[in-house]
1. Express in Å², to the nearest 10, the accessible area of residue 360 obtained by rolling a 1.4 Å probe over the protein heavy atoms while all chains stay in place.
2. When ligands, DNA and RNA are left out and all protein chains stay put, how many square angstrom of accessible area per residue does the chain have with a 1.4 Å probe?
3. Quick one: order 499, 213, 483, 171 from most to least accessible surface, probe 1.4 Å.
4. By accessible area of protein heavy atoms, probe 1.4 Å, what ranking do 467, 342 get, highest first?
5. Let me check against my output: what whole-number percent is the relative contact order of the chain, with C-alpha pairs under 8 Å and at least 6 apart?
6. For the stretch 229-370, what Kirkwood radius comes out of the mean inverse Cα-Cα distance, in Å?
7. List residues of the stretch 429-459, by number, whose backbone nitrogen lies under 19 Å from a label position 7 Å along Cα→C-beta of residue 398.
8. Order 133, 423, 438 by their accessible area, 1.4 angstrom probe, all chains in place, largest first.
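The values are calculated or read from the model by the stated rules, or taken from the named source; none is laboratory data. Computed from a predicted structure; not experimentally measured. Heads up, the Cβs are rebuilt from the backbone with ideal geometry, glycines too, and the neighbour counts pull from every protein chain shown. Just so you know, the surface numbers come from the protein's heavy atoms only, side chains and all, with ligands and any DNA or RNA stripped out. Shrake-Rupley method; radii C 1.70, N 1.55, O 1.52, S 1.80 Å.
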Amino acid sequence: MAGLALVQGYFPKRDRSLSLAQNVALLAGRINKVSSDDSDEEAAVTENWQEALRLCVASCNDDYVDEVLQAILKPLEGEDAETTARPRAVMATLCLVDEPNVSEGVAREVLQEFVRQVGESDTNEKSETSVQTAVVGLAVSRWVDMLRSYLLKEYQKRDGFSRLISYAVLYAVTMLAPILDIEEMHDQWFLEQVSKPDLSEEQSIGAALFIIYLANEKKISGVPVEMIDRLLKMLTGSAPATLIAALALDALNQEQQEANAWRPQLGEIEQLISFIKNPKSDSLAIMCICLVLSREGNREAAEPLIFWLDDSDKDVRQAVAWALGKIKDTRAVQPLIAMLDDSNENVRRMVAFALGKIGDKAVQPLIAKLDDSNENVLCAVTLALIQIGDKAVEPLIAKLDDSSENVRYAVEVALVQLGHTQTITVLFERLSADDQETRIMALKILSHTCKDKVDRKLLSRDIDAFDPFLDPQEEIDEERVRYAAERLKISVEEVRSRYQALAQQFPLKLNFAGDSENADGIE
């Protein structure tokens, strides 16, 4: 009724001097924020007018359909187009779903603007955005081929990974929505694709987008050789084709595919290595291919990958470092060491990871990076030294007296995790050092050998297992015992008993009132 009322001019505050299209343009500009189930917000035409506008377009005179649709689509002069362009484009597209008698030219205009409005939020799996809703509707309409074409064209205009996932998801929706038996459709679709020898580049990109979606959803039951051959050939195409092919190969190769994962054969590996050897290859595609090669552990890939460590894109440098760490070729050690001072913290973190995987030749450079100002990098360096193991023990012990508290803490964590016999011996010797800080640090690290957390708390000054810790040369007297009993909510007798046991493990000085056996301390 509301839609018919619009068409016939029966609605409150109607301006009789305006045409139907002009009145509709004003109503389509009424925008508010709507929330999805996971609290994300997006702008949309006011809900009260959405159905009315759709019915208006569907039922108005054919002579007015184009004009009315354009009025919905285009922001008015003086309107905040940044806010209204997306909801208007979605509203116009939803009107197309109802298949009014619109001209092809206006339909193209609507779909072109609609596709331009696709954003990263439209990959949301928890709740359906307005764009996703419109695509689902269009997927079973006469406009679906036009929509697919514009999705692919817009993908080819975008830069980097931001263009990928949204278009892969939406393109897949246009493929899947009309199909009743999805599982049966997968195999049929693959067979259809590999049987077409003359797919255009745009069609090949569409196929690759759909492969990525199916792979991410774990809906691929097998990968035809012909499909891999097509993707490998796409690596030599335009930048958009190369990147989407590399992403598809990576998606098919990932471990989450389990038994259905693609595992490249010798000839296919040679083609992948040839691709990364070419300095003119798309760097973002390199990032995907190096991940495939790292999963295969192919050492022949190490040297050509090293070239890409200097790429201007931080994500590429990070991915290459990861791959080199997985491949574990010692030729990468020196180039990776040179990257420990990279300007990007995530690259430095991944370089530390890689060096930890490759081995002991990187110990000293990693030790030197224990002063990194970034906490995540410091953690990665520490973990790398732990991975290296025995060879890192002596250099770590030598850093126990470093002037930086952060460095000392990182060394402490590493030595505790290593649990090396040599470490324990050296730390026990430091319990009786002349320097108080040295004694306290040693006891703090050795406290990690306590099996009972209560015992570790007893060794800390505030009975909390955190800094500061006790000086093993200071006496533990009756006042300390009663303080600990009160903090831990246990009996004085239990505290005494625990300290006596700890004194057997560490050279603690005990001086309990009325305890003649331990009054002189245990050295």
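1. Surface accessible to solvent at residue 360 totals approximately 80 Å².
2. Working: 25370 Å² over 523 residues.
The answer is 49 Å² per residue.
3. Numbers: 499 0, 213 50, 483 85, 171 25 Å².
Largest accessible area first, the residues go 483, 213, 171, 499.
4. Details: 467 85, 342 20 Å².
Largest accessible area first, the list is 467, 342.
5. On the way: 719 pairs, mean separation 28.5, N = 523.
Rounded, it is 5 percent for the chain.
6. Details: mean 1/r = 0.0656 Å⁻¹.
Evaluated on the stretch 229-370, it is 15.2 Å.
7. Counting backbone N atoms under 19 Å from the label point, the list is 430.
8. Numbers: 133 60, 423 0, 438 20 Å².
Output order, biggest surface exposure first: 133, 438, 423.
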